[in-house]
Amino acid sequence: MFRRLFAWMNKYERHLSAVAMVGGFIIDQLFFGRIDLARTEAVFLAYVAICVVAIAWLHRIEERAEAGKPRPRWRPVLPLATQFALGGFWSGFVFFYGRAGVIAASWPYLALLMFILIFNEVLKKYHDRLVFTNVLFFFALFSYAIFAVPLATGTIGVGDFILSGAVALGFFALFELLLYYLGRRRYRSGARAIAAGSLATYALINLFYFTGVLPPLPLSLKSGGIYHSVVHQAPSYTALAEPERWEVRLGLAEPVLHLPLGTPLYAFSAVFAPVALATTITHRWEWYDPERGAWVTEAAVAYPIEGGRDGGYLGYSAKSIGQAGKWRVRIETIDGRVIGELDFIAAAATTSPPLTMKTLD
């Protein structure tokens, strides 16, 4: 029975590898919701465990094969398991990182994730190669640690990012020691390439972080807008808003707000943060100077937030608008990464336009 099963797996390995990748994607969609849910963390930790067992076991089999020992018939299960787990990592990262930050700022990292996710199937034949799987595994470990560490510490910032890198490097070093113990001869042949690839990955993610490319997980913008007035009426907020054109509602145009210059506008944001995470965010008001061709910071308002609310932590800031033209409010983390962006056009008017009351929650 098992002989037929493994023969069938060898025959249809190409199709099974696609099923493994799709299976990881489906599991992500079924189990992922909030990033701080226990089931979400359980799925990611399961992916880590599968990678550790499958990569190490396959390495041991190949070490013994080089010494003349026969490979077991069920060997194809191991690269399929690795592909399943890594495919689950990539789809999970696209799911969460794609909801955090601004595409204009984070697109290089998101493009890299999408590239790996799409070509995970194309590169399936490399999943039994030690160097390839090790470098991808380290990339997955570091990307996971970036938001897992803040969930554990309850804070987010440069220190947490550095700690996440140290955690990923430490765990990966222990895993490499295990591989060395299980098959020294085979491991030595790829050790330098593994070290070079892992250090390059570490440097690339650090570059993404310190240039503001890396999305600000575990924070994400749930909703936001620019209004003529925002008042806190517990448990919600009330705003005075201009009627929106259909192009604005569909995201095809920026909202235009009419007001006498010198009067204030209000930026409202609902920022999701995990339970027990407390940090500070900033509303950075910027005006586009057409003469300089650059965005100029006009004000930066910071306030603390706490996590746990499904709809996000509600808050707002106000800024007197002294110049007409293109404006934006960037909602930033304490370490300068962009959680979200509210773009609008300020149009000078002698009187206020008709306004409608809107409840924000």
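The values are calculated or read from the model by the stated rules, or taken from the named source; none is laboratory data. These numbers were taken from a predicted model, which means no experiment stands behind them. Ideal geometry is used to build each Cβ from the backbone, glycine not excepted, and the neighbour counts take in all protein chains shown. These area figures cover heavy atoms from the full protein model, side chains too; ligands, DNA and RNA do not enter into them. Shrake-Rupley method; radii C 1.70, N 1.55, O 1.52, S 1.80 Å.
Among Ala140, Leu250, Leu80, whose Cα sits farthest toward the positive end of the charge dipole of the chain (+1 at Cβ of Lys/Arg, -1 at Cβ of Asp/Glu, about the Cα centre)? Farthest towards the positive pole: Leu80. Counting heavy atoms of the protein chains alone, Val256 has an accessible area of about 50 Å² for a 1.4 Å probe. Rolling a 1.4 angstrom probe over the protein heavy atoms with all chains in place gives region 251-322 an accessible area of 45 Å² per residue.
Take every Cα pair under 8 Å whose residues are at least 6 apart in sequence, average their separation, divide by the length of region 171-312, and the relative contact order is 20 percent.
These residues, Met357, Met114, go from largest to smallest accessible area, 1.4 Å probe, as Met357, Met114. In this structure Arg328 has an accessible area near 30 Å², from a 1.4 Å probe over the protein heavy atoms. Summing charges over all other residues whose Cβ lies under 14 Å from the Cβ of Ser229, with Lys and Arg as +1 and Asp and Glu as -1, gives +1.
Relative to the Cα centre, the charge distribution of the chain, modelled as +1 at Lys and Arg Cβ and -1 at Asp and Glu Cβ, gives a dipole magnitude of about 2120 debye. What translational diffusion coefficient, to the nearest whole µm²/s, does region 199-250 have by Stokes-Einstein, given a Kirkwood radius computed over alpha-carbon pairs, a temperature of 20 °C and 1.002 mPa s viscosity? Reported coefficient: 143 µm²/s. A probe of 1.4 angstrom, applied to the heavy atoms of all protein chains, finds Tyr202 with accessible area near 70 square angstrom. The three principal axes of the C-alpha atoms in the chain carry coordinate ranges of 88, 40, 38 Å, sorted with the longest axis first.
Straightening the chain between Leu204 and Arg73 buys 43.3 nm, computed as 0.36 nm per residue apart minus the Cα-Cα spacing. What percent does the relative contact order of region 126-208 come to when contacts are Cα pairs within less than 8 Å and at least six residues apart? Once divided by the residue count of region 126-208, the mean separation gives 41 percent. Pair-distance distribution of region 227-361: all C-alpha pairs, bin width 10 Å, starting at 0; shares per bin in whole percent are 11, 40, 37, 11, 1.
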